[in-house]
Amino acid sequence: MAQFVSSRWLGNHWPSIEVEPAETALFQRLLAHLAATYHFPLPPLIDILDGYVADFTLLGSAATLHLDNWTLSLACASEAVRDQVLAELLALPADFFA
């Protein structure tokens, strides 16, 4: 069962959503869900040393989905967009990403 928590990235201070568990399969399912829900093409995955990054535009805001050994996080430049996406994710059935 995926859990979503409002947060903020330390480096660029973007509003974010921290996602548990931090798993590759959940990264892929979340990215596909966001693309389908918010009507953007699936972005290319950027392979990083310990995970993946995908950069895209979400409701007119620059956004990044980031997975590494410790975290799975969605961040975007707009707090309003983060809050809208968080509300949508929290409204999904508990087993939606299972």
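Remark: pairs (first residue in the stretch 38-51, over 14 Å from Thr24 (Cα atoms); second residue among the aromatic types (Phe, Trp, Tyr) and surrounded by 12 or more Cβ atoms within 10 Å (Cβ to Cβ); Cβ separation under 6 Å; 6+ apart in sequence or on different chains) = Phe40/Phe56; Pro43/Phe56. The set of residues in the stretch 38-56 that are surrounded by 13 or more Cβ atoms within 10 Å (Cβ to Cβ) and in contact with a helix residue (DSSP H, G or I) (Cβ under 9 Å, 6 or more places away or on another chain) comprises Tyr38, Phe40, Leu42, Pro43, Leu45, Gly51, Tyr52, Ala54, Phe56. Listed by first and then second residue, the pairs linking a residue in the stretch 57-76 that is touching a residue at least 12 places away in the same chain (Cβ under 8 Å) and within 15 Å of Gln28 (Cβ to Cβ) to a residue that is outside any strand (DSSP E or B) and β-branched (Val, Ile, Thr), with Cβ atoms under 8 Å apart and 6 or more places separating them unless they lie on different chains, are Leu67/Thr24; Leu74/Val85. Evaluate the following for Glu18: is it in contact with a helix residue (DSSP H, G or I) (Cβ under 8 Å, 6 or more places away or on another chain), surrounded by 13 or more Cβ atoms within 10 Å (Cβ to Cβ) and of a type in the set (D, E, K, R)? Judged against the criteria, Glu18 is not a match. In the stretch 72-90, the condition of being β-branched (Val, Ile, Thr), open to solvent by 40 Å² or more (accessible area, probe 1.4 Å) and more than 10 Å from the chain's Cα centre (by Cα) is met by no residue.
The values are calculated or read from the model by the stated rules, or taken from the named source; none is laboratory data. Computed from a prediction, not measured in an experiment: that's the story for all the values here. Virtual Cβ from ideal backbone geometry, glycine too; neighbours counted across all protein chains shown. For the accessible areas, the whole protein counts, side chains as well, though only heavy atoms, and no ligand, DNA or RNA atoms are used. Shrake-Rupley method; radii C 1.70, N 1.55, O 1.52, S 1.80 Å.
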